[in-house]
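Worksheet: the structure to be examined is printed underneath.
The values are calculated or read from the model by the stated rules, or taken from the named source; none is laboratory data. Since the model is a prediction, treat every value here as computed from it, not as a measurement. Glycine gets a Cβ as well: all are built from the backbone with ideal geometry, and neighbour counts include every protein chain shown.
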Amino acid sequence: MTTVAAYAAPAAKAPLERTTIERRPVGEFDVLIDIKFAGICHSDIHQARDGWGEGIFPMVPGHEIAGVVAEVGPGVTKFAVGDRVGVGCMVDSCRECENCRAGLEQYCLQGNTGTYNALDKNGEPTYGGYSSQVVVDENFTVRIPDGLALDVAAPLLCAGITTYSPLRHWNAGPGKKVAVVGMGGLGHMGVKIAHALGAEVTVLSQSLRKKDDGLRLGADHYYATSDETTFKKLRGTFDIILSTVSAPLPLDAYLSLLRTDGALVNVGAPEEPVSLNLFSLLGGRKTLAGSGIGGIRETQEMLDFCAEHGLGAEIELIGASEINEAYERVLDSDVRYRFVIDTATI
Ligand SMILES: [Zn+2]
Ligand SMILES: [Zn+2]
């Protein structure tokens, strides 16, 4: 075991504080990563505050990890010391089920092992990226291409893949009209990636407050959903609507914005169940769908795509002592567009 520095929530809803944790010894197929940067995802806050219940405390959040390989186990073939690498939302899965074999480890039928707030195969709690080092199996480690700076790459490991995977699955590309609902950490990456894929991109945000940013990041159009004429104007417009918000949406209104055969894909997760009128789907053979992160192979594909197109996240770099303040600002939607922790300050 190695003792490493970390920032942890000692109990549900308690402020995060500096502490130390134990990392497992580097096993045959493990890589030891010197973490350089860790993004703050909205779900870190949910979990640290136990919004979904059953949190494991103390909790070290962080599933947007970028760093450099410091040591490799004897069986490791994919990585060498000095490689630039990332770790996202999961660090293991059963590797045998239909989904794992198809490269959809995120949908492992046994449940994937979360990067933090989970128990690994030995029953030990996993600790995330708000930490100076982490030990991860090479099969759940991805390569960060040289063209991507590590700080702007970190948020791609969750926000990037969460938007890339559904955009690819529902064929966003030239000739397709894509709406991105919400201009936050996920939404701003959705805009960049949909634009780079060649789609015509519209942002649907509560207000026009971030319009200039949206257009700069690749949106062709920007509408306020608080303006009722928006829904009339855009009726029957989109092939894909990617909802990145965690507030419950008026689904019938949003489904009315789809073209025939269009899909409304949710990557945000409201805590409460939502309702809809199924006629909203029947009239136009529409799909209401969800999507969760992406598999390891696809995460690598996403990083390569982002490097090729020069896409990183828009970030505010902070020191570890600012994490609690950053959490409050995320809850107030007061970040453009992702906080990233410089883990040298932990
Ligand atoms: Zn996340
Ligand atoms: Zn599996």
Go through the stretch 289-346 and give me each residue that's buried (at least 18 other Cβ atoms within 10 Å of the Cβ) and assigned to a strand (DSSP E or B).
Ile315, Ile318, Arg338, Phe339, Val340, Ile341
Filtering the stretch 235-247 down to residues that are in a loop (DSSP other than H, G, I, E, B) and buried (at least 20 other Cβ atoms within 10 Å of the Cβ) yields Thr244, Val245
Working only within the stretch 97-110, note down all residues that are surrounded by fewer than 17 Cβ atoms within 10 Å (Cβ to Cβ) and within 6 Å of ligand 2 (Cβ to nearest atom).
Cys97, Leu109, Gln110
Checked the stretch 108-165 for anything over 17 Å from the mean Cα position of the chain (by Cα) and of a type in the set (Asp, Glu); matches are Asp120, Glu124, Asp137, Glu138, Asp146
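Can you confirm whether Ala247 is under 19 Å from the mean Cα position of the chain (by Cα) and at pLDDT 95 or above?
Values: under 19 Å from the mean Cα position of the chain (by Cα): yes; at pLDDT 95 or above: no.
Here the answer is no, as Ala247 does not meet what is asked.
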Go through (1) over 29 Å from Gly103 (Cα atoms); (2) within 16 Å of ligand 2 (Cβ to nearest atom) one by one and return the number of the condition Ile293 breaks.
(1)
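Condition first: assigned to a loop (DSSP other than H, G, I, E, B) and away from ligand 1 (no atom under 16 Å from the Cβ). Now tell me which residues in the stretch 87-101 satisfy that.
Here is the first cut: in the stretch 87-101, the ones assigned to a loop (DSSP other than H, G, I, E, B) are 88-89, 93-97.
Those that are assigned to a loop (DSSP other than H, G, I, E, B) and away from ligand 1 (no atom under 16 Å from the Cβ): Ser93, Cys94, Arg95, Glu96, Cys97.
Report those helices (runs of 4 or more DSSP H) wholly inside the stretch 102-208 carrying at least 2 residues which are within 21 Å of Ala38 (Cβ to Cβ), away from ligand 1 (no atom under 16 Å from the Cβ) and in contact (Cβ under 8 Å) with a residue 40 or more places away in the chain.
Values: elements: 150-153, 159-169, 185-196.
In the stretch 102-208, the matching helices (runs of 4 or more DSSP H) lie at 150-153.
Give the number of residues within the stretch 5-32 that are touching a Phe, Trp or Tyr at 6+ places or on another chain (Cβ under 9 Å), surrounded by 14 or more Cβ atoms within 10 Å (Cβ to Cβ) and touching a residue at least 60 places away in the same chain (Cβ under 8 Å).
Just the residues of the stretch 5-32 that are touching a Phe, Trp or Tyr at 6+ places or on another chain (Cβ under 9 Å), to begin with: 6-12, 14-19, 21-23, 31.
Next, from what is left, pick out any that are surrounded by 14 or more Cβ atoms within 10 Å (Cβ to Cβ): 6-9, 12, 14, 16-19, 21, 23, 31.
Remaining after also requiring touching a residue at least 60 places away in the same chain (Cβ under 8 Å): 6-8, 16, 18, 21, 23, 31.
Residues in the stretch 5-32 being touching a Phe, Trp or Tyr at 6+ places or on another chain (Cβ under 9 Å), surrounded by 14 or more Cβ atoms within 10 Å (Cβ to Cβ) and touching a residue at least 60 places away in the same chain (Cβ under 8 Å): 8 in total.
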Taking Pro270 as meeting all but one of (1) closer than 14 Å to Gly160 by Cα; (2) outside any helix (DSSP H, G or I), write down the number of the exception.
(1)
Condition check: within 16 Å of ligand 1 (Cβ to nearest atom), closer than 17 Å to Val4 by Cβ, in contact with a Leu (Cβ under 6 Å, 6 or more places away or on another chain) and touching a residue at least 40 places away in the same chain (Cβ under 8 Å). Does Ala70 satisfy that?
no
Kindly list the number of the only condition in (1) of a type in the set (A, V, I, L, M, F, W, C); (2) at pLDDT 95 or above; (3) closer than 18 Å to Thr163 by Cα that fails for Phe231.
(3)
